[in-house]
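A short reminder: the numbers here are calculations on the coordinates, not readings from a lab. None of the values given here were measured: they were computed from a predicted structure. Neighbour counts are summed over all protein chains in view; Cβ atoms, including those assigned to glycine, are modelled from backbone coordinates with ideal geometry.
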Amino acid sequence: MSDVYAEPTTGADPTDPATLARYTTLRLGGPAGRLEIATSADDIVRRVREAEAREQAVLLLAGGSNVVIGDQGFPGAVVLIRSRGFRVVTEDADTVTVRVEAGEPWDDLVAATVERGWSGLECLSGIPGSAGATPIQNVGAYGQEVAETIVAVAAYDRTEGKVVRIAAADCGFAYRGSIFKYSDRWVVLSVDFRLSRSPLSGPVRYAELARALGVEVGDRVPLADARATVRRLRAGKGMVLDAQDPDTWSVGSFFTNPVLEREAYELLRERAADLGEAPSWPCPGDTVKVSAAWLIDKAGFGKGYTGPEGVAISTKHTLALTNHTGTASTAALVALAREIRDGVQTRFGVTLHPEPVLINCTI
Ligand SMILES: Cc1cc2nc3c(=O)[nH]c(=O)nc-3n(C[C@H](O)[C@H](O)[C@H](O)COP(=O)(O)OP(=O)(O)OC[C@H]3O[C@@H](n4cnc5c(N)ncnc54)[C@H](O)[C@@H]3O)c2cc1C
């Protein structure tokens, strides 16, 4: 699988037990009741409505890079989002607002914005999946997140049966979350991003990125340099899809960084006193975000740790759980996730939560 997600095979049997594995970056997931390919916003809405009329459950699947689908698959209608393209909808001397179809491959979009001198998405280079899925968990990396540039989302509201425009302020964006995550109500059709006309990136906020670029935190760098450096750093961690590299057969980070109340954080510091300081970041409301990778590693689950039946922690990043043999099952993957979650809980009293959306499986 390359950066651009798998294209469906016409006429393939959706009830083949390997069907959904073809469309997920974990290469896991069982059969589908029905497989639909939607190539435009209208087509997406039509197919969702038709499935509802058949009283079938609907699963929207785009790049399959943030889902863990059970071995039993999904018995309803799986709608593959394959709408493409973007266009400028408004512009002035300083900004452009681009409307991006939900199925547009995310990294193609980032590349296009960097080429055109539109600043705001460059640090999100190399993230797999579709543009339409980025609002779902407020995709973020290297100091940028889409909540900073999204101005509105066009969505089909399945409760009201109509297409609506949701302003960014109403999207409930939070750390790896939004109103869209774990909700069957919204079908994202397109996303509007407002970007700055500038040959330079936004201020570099992430220390590791600044170091790699040879600049100070807060400096700006040429867009192409930011993109190339982010992609290089990500590739070194197995965080850019690569068909030849089983460390990338994952959903990226399997767990979010836990955000702890002050009291819980102090308790963690006590329990980890012999291990040095956990990397942490202050958050609003006197809470503290702690590195999940550090907790996992210090609880005894280092890079390359192997779980049952062909699943493992990536050899390049502690947060990525991989189907590194390509032959594992979702049952094995969630068993490894459970073992890690329970190990961290026992050692540090901190509960880790999965970042991907779990479908017909649980940890
Ligand atoms: C190697 C790797 C690295 C990653 N790095 C990062 C990272 O740095 N930062 C980060 O935030 N994420 C990261 N991810 C996670 C993932 O790439 C993003 O969350 C991405 O936005 C998911 O897009 P997708 O099209 O693959 O979504 P899918 O996996 O297809 O879907 C994810 C969820 O969104 C829903 N969905 C998809 N499209 C729509 C739509 N149009 N309308 C409504 N619901 C929809 C699905 O039903 C599902 O619940 C990484 C994943 C991998 C494999």
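Could you tell me the calculated FRET efficiency between Y175 and D13, based on Cβ-Cβ distance and R0 = 45 angstrom, to the nearest 0.05? Let's see the in-between values first.
Details: r = 40 Å, r/R0 = 0.89.
That pair, Y175 with D13, gives E of 0.65.
With r defined as the distance between the Cβ atoms of D94 and R262 and R0 fixed at 56 Å, what FRET efficiency is calculated, to the nearest 0.05? Before the final figure, lay out the partial values.
On the way: r = 40 Å, r/R0 = 0.72.
The computed FRET efficiency comes out at 0.90.
Would you list E160, E50, E104 from fewest to most Cβ contacts within 10 Å?
Numbers: E160 9, E50 14, E104 22.
Result, fewest neighbours first: E160, E50, E104.
In straight Cα distance, which lysines are under 24 Å from K289, not counting same-chain residues fewer than 8 positions off?
K289 reaches K181, K237, K298, K303, K316.
Using +1 at the Cβ of each Lys and Arg and -1 at the Cβ of each Asp and Glu in the range 199-345, identify which of F254, L336, G326 lies farthest towards the dipole's positive end.
Among F254, L336, G326, the one farthest towards the positive end of the dipole of the range 199-345 is G326.
Once the Cα gyration tensor of the chain is diagonalised, what are the square roots of 5 times its eigenvalues, in whole Å and ordered largest first, as equivalent ellipsoid semi-axes? Provide the component values of the computation, followed by the final result.
On the way: eigenvalues 184, 154, 74 Å².
In descending order the semi-axes read 30, 28, 19 Å.
Which whole number in µm²/s is D for the range 270-363 by Stokes-Einstein, with the Kirkwood Rh taken over Cα pairs at 37 °C and 0.692 mPa s?
Values: Rh = 14.2 Å.
For the chosen part, D equals 232 µm²/s.
Given the Cα-Cα distance of R220 and V357 and 0.36 nm per residue of separation, how much length would full extension add, in nm? Show your work: numbers first, answer last.
Working: separation 137, 0.36 × 137 = 49.32 nm, distance 3.43 nm.
In short, 45.9 nm is gained.
Would you calculate the separation in nanometres between label points at R46 and A207, each defined as 7 Å from the Cα along the Cα-to-beta-carbon direction?
5.4 nm
Run the numbers for T327 and A235: contour at 0.36 nm per residue of separation, minus the present Cα-Cα distance, in nm. Could the numbers behind the result be given before it?
Numbers: separation 92, 0.36 × 92 = 33.12 nm, distance 2.31 nm.
Extra length available between T327 and A235 comes to 30.8 nm.
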